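Engineer: This is the structure, below, for whatever I ask next.
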Amino acid sequence: MLAKPASSRKAPAKAADGAENFALRSLQDALEQNPRFAASNDQLLKFYEQMLLIRRFEEKAGQLYGLGLIGGFCHLYIGQEAVAVGLQSAL
């Protein structure tokens, strides 16, 4: 069996009680300097297309769930499309 390769990431420091230490950072200063995202028209169009695709998928999923073709529970994301697209664009 092959050995697991060593990770180049350092393990987080541990406090005396065993909890991991971590640093909190605020993005408030960056937001105050530039509160708007400078998106091109092409980017805005792509964002709109992604939001529309998510909405259409959700509508279809809701229809299929209502017909009993999707089992279990179906939580719809309708109205939250911009959240998904905005987060994805920031990554």
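Engineer: Once the piece of chain linking ARG36 and ARG55 is laid out straight, how much longer is it, given 0.36 nm per residue of separation minus the C-alpha distance between them?
Structural biologist: Gain in length upon complete extension: 4.4 nm.
Engineer: What is the ratio of the Cα radius of gyration of region 38-90 to 2.2 N^0.38 Å, with N the residue count, to two decimals?
Structural biologist: Output field value: 1.36.
Since every read-out is calculated from the coordinates, none of them should be taken as a lab result. The structure presented is a predicted model; accordingly, all values stated were derived computationally and were not measured.
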